[in-house]
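J.: To start, I am sharing the structure in question, which I have written as structure tokens.
The values are calculated or read from the model by the stated rules, or taken from the named source; none is laboratory data. Computed from a predicted model, the values in this text were never measured in an experiment. Reconstructed Cβ throughout: ideal geometry from the backbone, glycine too, with neighbour counts over all protein chains shown.
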Amino acid sequence: MTSSDRLQRLLSLFRPLNELESGYQNTVKANRLNFPDPDNQMIRKGLSTLGVPQLSDYLIYIPYERFKIEELGRGGFATVWKGTVEPLDERGLVHAIYYVDNRDVISYTSTPLHFALKEIDADMNVELALHTYLTSHAEDAVSPIMPIIGLSQQNFGDYKYLLAAHREELIEQDDSNEFEFADGAFEKYTSRFYSHQQLLQISQRHTLESLQVDSELHLDAENKIFKE
């Protein structure tokens, strides 16, 4: 089966956005309020360049100039960055959207958003579609992987897709300790993410075996970068 066949079979699994978990729908709404893109023009343009315009309902476009960029590491397949987005005004960024009394109620936060950014090109569109599917179709809107948010683009034209967004108040806990995203905790969490993805690839091979989707997500180099 060719990569094109794998991609088309994977895209056929997507359900319309309005049929997905309400929590995920509200997350997309919040992202679009934080990063307006009239008529989804920029995200459609970027995804068309990558050969997957069908994903425009699930992803957003974030202007690259919104990020304060910090390089986290370079690997054989990609460079990974940490991107921080600050609020533009006193109201802050949309934190969450709740449906109360037949209407959306929006909560805001002054806390910056943190993203992990990774380069992508058209040769990685199967990975992009797979990552988007696992994020958007997760049971109870809890993604089994670091959720993908959307695309950004540098001035010279290279696309990066955003692997995840995390807020400062998010706490990661395991058997040995717990920590907030401060003093290097973001990098520590990112390291665990890549380790988790290696395990996830094994389960994906079973889950997607009937599709013959290549679930090798080209993360071996990044796993080495983020070892503690």
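J.: Select from the stretch 82-106 the residues that are over 25 Å from Ser22 (Cβ atoms) and outside any strand (DSSP E or B) and list them in ascending order.
T.: Of everything in the stretch 82-106, those that are over 25 Å from Ser22 (Cβ atoms) and outside any strand (DSSP E or B) turn out to be Glu86, Pro87, Leu88, Asp89, Glu90.
J.: Can you run down the residue pairs with Cβ atoms below 6 Å, 6 or more apart or on separate chains, where the first is in the stretch 106-129 and within 23 Å of Ile69 (Cα to Cα) and modelled with pLDDT of 85 or more and the partner is surrounded by fewer than 22 Cβ atoms within 10 Å (Cβ to Cβ) and among the polar types (S, T, N, Q)?
T.: Once the first residue is within 23 Å of Ile69 (Cα to Cα) and modelled with pLDDT of 85 or more and sits in the stretch 106-129, its partners that are surrounded by fewer than 22 Cβ atoms within 10 Å (Cβ to Cβ) and among the polar types (S, T, N, Q) give Pro112/Thr84; His114/Thr84.
J.: Moving on. Determine if the stretch 48-64 includes at least one residue that is out of contact with any helix residue (DSSP H, G or I) (no Cβ under 9 Å at 6 or more places or on another chain), part of a helix (DSSP H, G or I) and closer than 13 Å to Ser152 by Cβ.
T.: yes
J.: Restricting attention to the stretch 13-23, does a residue exist that is without any contact (Cβ under 8 Å) to a residue 40 or more places away in the chain, part of a strand (DSSP E or B) and not acidic (Asp, Glu)?
T.: Residues of the stretch 13-23 without any contact (Cβ under 8 Å) to a residue 40 or more places away in the chain: 18-19.
Cutting the leftovers down to part of a strand (DSSP E or B) gives us none.
No; the residues of the stretch 13-23 include none that is without any contact (Cβ under 8 Å) to a residue 40 or more places away in the chain, part of a strand (DSSP E or B) and not acidic (Asp, Glu).
J.: Find the residue count for the stretch 107-150, including only residues that are assigned to a loop (DSSP other than H, G, I, E, B) and small (Gly, Ala, Ser).
T.: Total satisfying the criteria: 3.
J.: OK, next. When you scan the stretch 57-64, do you find a residue that is buried (at least 16 other Cβ atoms within 10 Å of the Cβ) and more than 30 Å from Leu20 (Cα to Cα), even just one?
T.: no
J.: For the list (1) touching a helix residue (DSSP H, G or I) at 6+ places or on another chain (Cβ under 7 Å); (2) modelled with pLDDT of 90 or more; (3) within 19 Å of Met146 (Cβ to Cβ), I need the number of the one condition that Lys82 fails.
T.: Only one criterion in (1) touching a helix residue (DSSP H, G or I) at 6+ places or on another chain (Cβ under 7 Å); (2) modelled with pLDDT of 90 or more; (3) within 19 Å of Met146 (Cβ to Cβ) is unmet by Lys82, namely (2).
J.: If you don't mind, there's one more thing I want to ask. Can you name the residue in the stretch 143-167 that is over 20 Å from Asp121 (Cβ atoms) and modelled with pLDDT under 65 and is also surrounded by the most Cβ atoms within 10 Å (Cβ to Cβ) among such residues?
T.: It comes out as Ala165.
J.: Regarding the stretch 68-81, can at least one residue be identified that is without any contact (Cβ under 8 Å) to a residue 60 or more places away in the chain and outside any strand (DSSP E or B)?
T.: No: the stretch 68-81 contains no residue that is without any contact (Cβ under 8 Å) to a residue 60 or more places away in the chain and outside any strand (DSSP E or B).
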